[in-house]
Each structure stands twice: as structure tokens, then as C-alpha cells.
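Asker: Mind having a look at this structure? Questions to follow.
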Protein chains: 2
Amino acid sequence: MVSTRSVSESVNGGCVVTIADVARHAGVAPSTVSYVLTGKRSISADTKTRVRESIRELGYQPHASDRVLSTGRTNVIGLVLPLRAGTHLPAVMRFVTAAVTTARRYDMDLLLMTADDGAAGLRRAANSAQVDGFLVMDVEMDDDRVPLLRQLSKPSVLIGHPAAARGLTCVDLDFEAAGAKCVDHLADLGHRSIGFLGAPSAVYRRSTGFAHRTMNGFSAAAMRRGVAATALAVEGDHDSVLRATKALIRAHPSMTALVVHNEAALGWITACLRAAGRQVPGDVAVVAICPDELAEQTSPLLTSVRLPAEELGRHAVDLLVAKLEGKQPPPLMLLPPRLSRRASTPDHAAHRGATG
Amino acid sequence: MVSTRSVSESVNGGCVVTIADVARHAGVAPSTVSYVLTGKRSISADTKTRVRESIRELGYQPHASDRVLSTGRTNVIGLVLPLRAGTHLPAVMRFVTAAVTTARRYDMDLLLMTADDGAAGLRRAANSAQVDGFLVMDVEMDDDRVPLLRQLSKPSVLIGHPAAARGLTCVDLDFEAAGAKCVDHLADLGHRSIGFLGAPSAVYRRSTGFAHRTMNGFSAAAMRRGVAATALAVEGDHDSVLRATKALIRAHPSMTALVVHNEAALGWITACLRAAGRQVPGDVAVVAICPDELAEQTSPLLTSVRLPAEELGRHAVDLLVAKLEGKQPPPLMLLPPRLSRRASTPDHAAHRGATG
DNA sequence: CTGAAAGCGCTAACAC
DNA sequence: GTGTTAGCGCTTTCAG
């Protein structure tokens with residue numbers, strides 16, 4: 001199979017064709033070529049066509065994508081995805097999967113920008129014309145990338161939303177409502193003492209949006225419903241879950257329900273509770289906040305508030321593309337939580353009727 | 001819960017801190033700062049700390065697009081990942097996760113190139129200097145991207161390997177050996193009639209490497225061991241699994257074992273066999289080829305040949321980086337299959353001792 | 001209208 | 001070990 005050799009291979013020993021090569025070939029100065037490309041000053045039609053000719057003949061690529069210059073678009077979406085302490089990769093990958101699939105429909109690719117250098121990384125990517133726009137994940141309540149996102153010439157969509165979301169486009173699950181929904185469900189069943197196992201502590205220390213809001217929603221609802229509530233952060237490993245579970249029970253022996261907002265911990269919850277002398281759901285009812293598939297892979301099946309990673313990822317891309325096309329989508333798309341009741345929260349006979 | 005504000009606010013001052021500023025502040029040469037940053041030559045501990053100090057104080061952030069300029073490197077790896085019919089996204093994402101994590105250690109990002117325009121897409125990406133090199137997935141036995149990859153000025157590593165892998169760098173599980181290992185395990189247990197449920201038919205139609213080779217290994221081993229074997233492709237959905245299961249049993253009522261090479265199907269296998277009147281493992285033993293985690297999420301636990309997605313992804317990045325650094329890694333890294341016996345293949349009493 | 005030349009911020013070959 | 005100095009490919013003055 002012989003490929004049609006373009007002239008580019010003869011120049012520069014088969015390597016990259018530079019603007020200088022084009023200039024030489026067209027008999028003009030490099031700057032002239034640059035001006036033809038950028039259109040930042042008027043060029044005689046004659047020169048212009050000659051340069052264009054040389055560019056084509058030499059197969060010159062303006063060192064980004066040829067599309068960047070002709071269309072101004074790279075067809076690449078930057079997915080800003082800091083991999084910080086406590087990040088649960090499988091959870092994140094659900095978003096990525098959804099985003100990549102959706103992006104595909106617009107003939108776009110995804111650049112996974114996993115550097116955790118925050119605003120600086122963003123600025124760099126924005127300047128380097130690598131991407132047309134950004135999808136930003138792992139948003140904190142007071143995120144230092146937010147002011148920059150507002151200034152940036154490139155559009156962006158946040159998966160999650162900071163405290164001050166003005167001027168941004170965000171998609172998110174209503175995590176406050178989600179946290180509250182868990183409490184309400186359990187309180188309705190008669191539970192008066194509810195524990196909460198959350199994300200790894202590092203996640204709260206950063207005030208990561210989803211974790212922070214869920215906690216808030218949980219606490220507020222507990223107050224409202226007058227139930228005792230205690231929350232603990234848990235790392236992803238088995239030991240941490242076991243320790244947290246036992247600590248919770250030691251502090252509140254009367255605890256009859258548990259809300260879990262930690263996908264990594266889900267698999268161990270039942271076993272750890274048993275190790276602490278509690279049966280699920282006999283002694284302790286459990287509600288998880290996680291994708292439905294996860295809740296259906298445990299035994300017993302867990303009642304859960306659905307984490308619609310796929311929807312969020314899809315909407316985010318849709319919104320970003322809309323912005324790229326000059327449309328002005330709504331600034332905040334907040335999906336309402338949906339609870340699916342499963343085996344882990346049966347009717348709570350002991351306290352039936354005690355509901356305030 | 002109040003978040004601890006980090007020092008990074010000084011960056012927001014607006015002015016860009018350059019490497020020269022740092023050098024001046026630390027009383028060294030710009031290059032020294034550069035070397036401290038890159039670690040490309042030894043620096044006295046004293047100087048190093050002084051420079052680090054200045055970097056922190058000034059809030060210096062390396063400007064990466066310029067790094068690209070002077071090094072010719074973008075620090076982006078193109079992950080060529082066609083999303084074709086039959087592609088099981090969760091499986092693919094395991095590789096992506098591993099690759100992204102590993103790339104991170106080299107301070108590189110991943111560009112998910114999901115366009116399925118094969119060689120053309122590759123060439124475009126290669127010329128436009130968007131990426132430093134390629135990781136190529138979903139490799140077919142006779143892949144039309146292979147000749148191009150050989151010519152390309154950018155290095156590449158294939159996850160999977162084509163029939164003619166000369167001149168390429170490939171990482172792969174030894175899928176032939178994997179297929180064979182399943183048969184051997186079952187034959188050793190005395191099974192004389194083994195079914196095979198494979199990937200979606202589209203995957204075989206393309207002669208996708210991993211599916212093709214597994215089938216080959218399976219069939220060859222069955223011949224060698226003198227056991228009856230029948231293979232069927234299955235799509236990912238429940239109906240297809242049910243249909244295939246029933247078809248298999250109708251054709252070979254004496255079938256006592258099943259090899260499953262289809263992650264999407266795994267969850268339904270036991271239920272479908274039961275629906276067809278067969279208990280696992282009482283009537284039919286099952287061996288899966290899948291990641292260990294998956295095999296341990298079913299009931300009963302499945303004996304499996306481990307699909308080391310994480311290792312493969314990690315090695316692929318390691319190899320690519322090695323090539324980027326001018327090293328010449330071995331052309332083919334073929335991981336040996338490892339079988340973990342679990343509940344789905346107990347001793348096969350009925351045929352004990354019948355083994356040839 | 002066009003060319004020469006000075007950088008952009010950073011790296012790496014070359015000195016000492 | 002460290003400083004000097006030339007570029008990387010392109011943009012953008014400043015002179016024609």
C-alpha cells in the first residue's frame with residue numbers, strides 16, 4: 001500500500017512544515033504568511049492566493065488543527081476533571097462515558113484534562129487553543145476556577161454548581177433536595193435517629209459541591225423533621241467503612257437508619273453493619289445516593305436516590321454545544337431527585353405511628 | 001464547615017509571573033529554574049529549595065502552551081477509541097481509567113478520539129500536532145490503521161494486536177491462551193460438551209482482535225481436548241442472552257459447561273440458564289473472561305480468566321511514554337491469562353474420571 | 001502593501 | 001552545579 005506522498009515530505013526531511021517553509025515557497029516573508037492566516041491586515045489578492053497555494057501544496061498545518069484556523073473550531077471539548085484525593089474514578093467515568101457518547105453525536109472529541117492545577121490549568125488550556133470549550137467537573141462551593149470561567153473567551157458548562165453561579169451555565173442534580181429526600185423517606189417510615197456516611201473527608205474539606213449540598217440538605221431535613229442525625233466522612237476502603245459504622249453505632253446505639261453518599265463504600269455497608277451487630281434492614285434501614293445500577297447490585301437491594309450521571313453528562317454536552325452555536329441556554333439545569341424504594345427500607349414496625 | 005482557603009489567590013493578580021521573575025527573585029538563572037521544574041539535571045538542595053520558595057511566593061504557574069512550543073510536545077496522548085457497534089462502553093472505560101491515571105503520573109492528558117473514521121481521522125490528528133502519540137484500541141486482525149501507524153512520525157501503542165504486528169508496539173492479554181485456559185479448566189473437570197457465548201456478532205464481523213483470538217483459542221483447545229464445542233455471538237441485551245442460551249441448550253442438550261466472553265451478558269447468564277431449566281453450577285458450569293470485580297459481583301461467583309484492563313491501560317501508557325523518550329520498548333507485551341476458580345465450576349462429579 | 005526583526009516563555013545544548 | 005545562549009513556531013511591532 002503506497003501512500004500518495006505529498007510534497008511536505010521532501011521539505012524538512014519529512015517533518016513538520018513551518019510557516020517559514022511556506023514563506024520561502026511562496027516567495028514572501030513569514031510574517032506575510034501569518035497575516036494571510038490571521039487576516040489581521042490587508043494583503044493583496046495576488047499574494048494571498050499565492051500563499052494559500054503554497055500552504056496547500058506543502059500541506060502546511062498551523063500547528064493546532066487545520067480546522068482551528070479555517071473554522072475557528074477544534075472540535076474538541078475539554079473535560080476538566082481534577083483527580084484529587086477522594087475522587088471516586090468509577091463514578092466520574094459514568095459522566096465521561098455519557099459525555100463522550102453525546103459528544104460523538106456532534107462529531108466532537110473529549111480532552112480529559114485531569115491536571116489538578118485548578119485555574120492555572122484552565123487558563124493554559126484556554127490559551128493554547130486546544131479546545132473549543134470546557135466541561136468542568138468536581139465543582140466546589142467557592143471554586144477558584146469560577147471567576148476565570150466567566151472571563152474566558154471560551155464557553156463552558158459546569159457539572160455541579162458553585163455557591164455563586166451567576167454568569168455560568170450549570171447542570172446538576174439537586175443534591176440538597178436529594179439529601180432531604182432521604183431523611184423524609186426514613187422519617188416517614190418512623191425512624192427517629194439517622195446516620196449519614198458521606199464522601200471521604202478531603203471532599204468536604206474542599207467544600208465540593210455535591211457533597212456539601214447533600215450534607216446540608218440532610219441536616220436541614222433532619223432538623224425540620226426533628227430526627228437525631230449524625231454524619232461521618234468515610235474514605236473508600238473497607239477499614240474506614242467498618243470504623244465509621246462502628247463509631248456511628250457507638251455514639252448512637254438507637255440509630256435505626258443510615259444514609260450513604262459514597263459509592264465506594266456501598267459494597268461494604270451491609271457487611272460492616274452486620275459486623276457491628278446490626279442487620280439490614282431488620283435493625284438498620286439504608287438509603288443510598290448512587291446510580292440505580294449500583295443500588296441493584298447489592299444484597300439486600302438498596303433504596304436509593306438516583307444519581308443520574310448519564311443525564312447530567314449528556315445535558316452538559318448538549319448545553320455546551322448550544323453555547324458554541326451562539327445560543328443562550330438556561331443558566332442552571334437542576335434535576336429533581338428521584339427515590340426508588342427497595343428492600344433496604346421496609347416498613348419500620350417498631351416505630352410505626354410515632355411519626356411527628 | 002468552613003473551607004481552608006489556599007494560598008493560590010496570589011495568581012489572580014492578573015499579571016503573569018514568568019520563569020525569569022522567579023529566577024530573579026531566587027537569584028539564579030532562568031534555566032536553573034527550568035531545571036528545578038523538570039528535574040532534568042541535578043540541582044543542589046540549597047538552590048532547589050530557594051527556587052521552590054520563590055515559585056510559591058510569586059505564585060508562578062508554568063505556561064504550558066509555550067512548553068509545547070519549545071519542546072514540541074503537547075503532553076496530550078490521543079486515545080483512538082472507535083465507538084462502533086457492539087462496543088461495550090463500561091469495559092472500554094476501564095482502560096481509559098487506567099490510562100488516564102497513568103498518564104497523569106507523566107503529567108499528560110488524554111484526548112479521547114472516538115471518531116470511527118479510521119485511518120483518515122488518525123492522519124488528521126497526527127498532522128495537526130494535537131497529540132504527542134497515540135494509544136489505539138479496538139484493534140482488528142487486519143486493521144486498516146496499521147499501515148498508517150507504521151508511517152506516522154508520532155509513536156503509538158496498540159492495546160490489542162493485529163495479525164501482522166511487525167513494526168508496532170502492542171500490549172495485549174494473550175486471548176488465545178485465555179480461551180484455551182477456559183476449555184482446559186473445564187475439560188480437566190470432566191466436561192465433554194462446552195458452549196461459548198461471545199461478543200456481539202458485529203465484533204466478530206470486524207475480526208476484532210480480542211474476540212477473534214479468544215474464539216480461536218477456545219476452538220483449538222476444544223479440538224485438542226476432544227470436547228464438543230459450540231459458539232454463539234450474543235448482543236448485550238437480556239433477550240439476546242436468553243435466546244442464545246436456549247439455542248445452545250436446544251442444539252446440545254448434553255452441554256454441561258459454558259464459557260462467556262461478554263461482559264454485558266454476564267449479569268444475565270445465571271438467570272437465563274435457569275429460565276432454560278439449568279442450574280448454575282449444578283447443571284452447567286460457567287467460566288467467564290472478564291475483570292475479576294465483575295466475576296465477584298455475580299451469584300454464584302464465577303470462575304473467570306482475569307481481563308487485566310488496568311494493567312493493559314497502564315502498560316500502554318508506560319510504553320508510549322518510553323517511546324516518546326526515544327526508548328525502544330519490546331514490540332509485543334503479551335500478558336499470560338490467569339484463571340481464578342470460584343463457585344461456578346465445582347468438581348464435576350458426574351463425569352469424574354472420564355477425562356482423556 | 002510587505003519585509004525584517006524583536007520577542008512570547010520556556011527548554012536544552014554548550015560553556016565554565 | 002550553575003550560568004549563557006540559542007532557538008521552538010508564530011505574532012507583532014517597526015521600518016520601509
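The values are calculated or read from the model by the stated rules, or taken from the named source; none is laboratory data. Here the structure is a predicted model, which means the values were calculated and not measured. A quick note on method: Cβ atoms are made from the backbone with ideal geometry, for glycine too, and the neighbour counts reach across all protein chains shown. Calculation scope for accessible area: heavy atoms of the full protein, side chains included, ligands and nucleic acids excluded. Shrake-Rupley method; radii C 1.70, N 1.55, O 1.52, S 1.80 Å.
Asker: Measuring label to label, 7 Å along Cα→Cβ, what does B:Gly118 give against each other copy in nm, shortest first?
Answerer: When each copy's label point is compared with this one, the spacings are 4.8 nm.
Asker: Still on this structure, please answer the following. Going through region A:139-232, which trypsin sites (Lys or Arg not before Pro) have at most 16 other Cβ atoms within 10 Å and a DSSP loop state?
Answerer: Of the trypsin sites (Lys or Arg not before Pro), the ones in loops of region A:139-232 whose Cβ has at most 16 other Cβ atoms within 10 Å are A:Arg166.
Asker: Separate question: For every helix of n ≥ 4 consecutive DSSP H residues, a contribution of -39,500 (n - 2.57) applies; sum these over chain A, divide by its total residues, and give [θ] at 222 nm rounded to the nearest 500 deg cm²/dmol.
Answerer: Counting only the DSSP helices, I get -13000 deg cm²/dmol.
Asker: Here's a follow-up. Quick one: with all protein chains in place, what share of the accessible area of region B:19-71 is carbon or sulfur, to the nearest percent (1.4 Å probe)?
Answerer: On the way: 1700 of 3320 Å².
Answer for region B:19-71: carbon and sulfur cover 51 percent of the accessible area.
Asker: Running Debye on region B:19-71 with equal point scatterers at the Cα sites and no solvent, what base-10 log of I(q)/I(0) appears at q = 0.18 Å⁻¹?
Answerer: Values returned for q = 0.18 Å⁻¹ are -0.53.
Asker: Given the options A:Ala23, A:Ala265, A:Ala125, state which has the largest fluctuation in a GNM of chain A using a 10 Å cut-off (strictly under) for Cα springs.
Answerer: Among A:Ala23, A:Ala265, A:Ala125, the largest mean-square fluctuation in the Gaussian network model of chain A belongs to A:Ala23.
Asker: Going by the alpha-carbon gyration tensor, a ≥ b ≥ c the square roots of its eigenvalues, is the protein assembly as shown rounded (a/c under 1.5) or, if a/c is not under 1.5, prolate (a/b greater than b/c) versus oblate?
Answerer: Since a/c reaches 1.5 but b/c is at least a/b, the shape of the protein assembly as shown is classed as oblate.
Asker: What whole number of Å gives the distance from the Cα centroid of region A:104-159 to the Cα centroid of region B:209-281?
Answerer: 45 Å
Asker: Also, I was wondering about something else. With a 1.4 Å probe and every protein chain kept in, tell me what percent of the accessible surface of region B:190-249 is carbon plus sulfur.
Answerer: 58 percent
Asker: A:Arg56 to A:Ser31: FRET efficiency via 1/(1 + (r/R0)^6), r the Cβ-Cβ distance, R0 30 Å, to the nearest 0.05?
Answerer: After rounding, the FRET efficiency stands at 0.90.
Asker: Something else about it: Pick out, in residue order, every one of the chymotrypsin sites (Phe, Trp or Tyr not before Pro) in region B:62-149 that is DSSP loop and has at most 12 other C-beta atoms within 10 Å; say none if there are none.
Answerer: Numbers: sites: B:Phe95, B:Tyr106, B:Phe134; in loops: B:Tyr106.
Taking region B:62-149 and a limit of 12 other Cβ atoms within 10 Å, no loop chymotrypsin sites (Phe, Trp or Tyr not before Pro) are found.
Asker: Can I ask one more? Going from most exposed to least, what order do A:Ile289, A:Ile19, B:Ile43 have by accessible area with a 1.4 Å probe?
Answerer: A:Ile19, B:Ile43, A:Ile289
Asker: To the nearest 0.05, what FRET efficiency results for B:Ala247 and B:Asp144 with a Förster distance of 41 Å applied to their C-beta separation?
Answerer: Values: r = 33 Å, r/R0 = 0.81.
Approximately 0.80, to the nearest 0.05.
Asker: To test your reading of the geometry: what angle, between 0 and 90 degrees and rounded to tens, separates the Cα axis of helix A:309-324 from the longest principal axis of chain A?
Answerer: 30 degrees
Asker: Among DSSP bridges having both ends in the protein assembly as shown, what percentage is antiparallel? Round to the nearest 5.
Answerer: So the antiparallel bridges amount to about 10 percent of the total.
Asker: Kindly express, to the nearest 10 degrees and within the range 0 to 90, the angle between helix A:118-127's C-alpha long axis and the longest C-alpha principal axis of chain A.
Answerer: In chain A, helix A:118-127 runs at an angle near 30 degrees to the longest axis.
Asker: Where is the GNM fluctuation largest for chain B (alpha-carbon springs, 10 angstrom cutoff): B:Ala220, B:Ala165, B:Ala20?
Answerer: Result for chain B, Cα springs under 10 Å: B:Ala20 fluctuates most.
Asker: Taking the label point 7 Å from Cα in the Cβ direction, how far apart in nm is B:Glu53 from each other copy of itself, listed shortest first?
Answerer: Those label-point separations list as 6.3 nm.
Asker: Where does region B:175-306 land on Rg/Rh, using Cα atoms and the Kirkwood Rh?
Answerer: Expressed as Rg/Rh, it is 0.92.
Asker: How large is the accessible surface of B:Asp66 in square angstrom, using a 1.4 angstrom probe and rounding to the nearest 10?
Answerer: About 80 Å², ignoring ligands and nucleic acids.
Asker: Between B:Arg24 and B:Ser299, with labels modelled 7 Å along Cα→Cβ, what's the label distance in nm to one decimal, could you check?
Answerer: So the label points at B:Arg24 and B:Ser299 sit 7.0 nm apart.
Asker: Against the longest alpha carbon principal axis of chain B, how many degrees, from 0 to 90 and to the nearest 10, is the axis of helix B:45-58 turned?
Answerer: It works out to around 90 degrees.
Asker: Sticking with this one: If each Cα of region B:237-356 is one equal point scatterer, what is log10 of I(q)/I(0) from the Debye formula at q = 0.14, 0.21, 0.23 Å⁻¹?
Answerer: Summing over Cα pairs of region B:237-356 leads to -0.68, -1.14, -1.29.
Asker: Looking at the calculated P(r) for chain B, what percent of the C-alpha pair distances fall above 30 Å?
Answerer: So the pairs more than 30 Å apart make up 49 percent of the total in chain B.
Asker: Further question on the same structure: Have a look at A:His161, A:His261, A:His185 and tell me which one the Gaussian network model of chain A (Cα, springs below 10 Å) gives the largest fluctuation.
Answerer: It is A:His185.
Asker: What nm distances, shortest first, do you get from the label point of A:Gly27 to those in the other copies when the point sits 7 angstrom along Cα to Cβ?
Answerer: 5.9
Asker: In Å² (nearest 100), what accessible area is buried between B and A, both sides summed, heavy protein atoms only, 1.4 Å probe?
Answerer: Result for this pair: about 3200 Å² buried.
Asker: Okay, moving on. When ligands, DNA and RNA are left out and all protein chains stay put, how many square angstrom of accessible area per residue does region A:180-318 have with a 1.4 Å probe?
Answerer: 35 Å²
Asker: List, by residue number, every residue in region B:58-96 with a reduction of 20 Å² or greater in accessible area between the chain on its own and the complete protein assembly, 1.4 Å probe.
Answerer: Going by heavy-atom accessible area, the residues of region B:58-96 that drop by at least 20 Å² are B:Gln61, B:His63, B:Ala64, B:Ser65, B:Val76, B:Leu83, B:Leu89, B:Met93.
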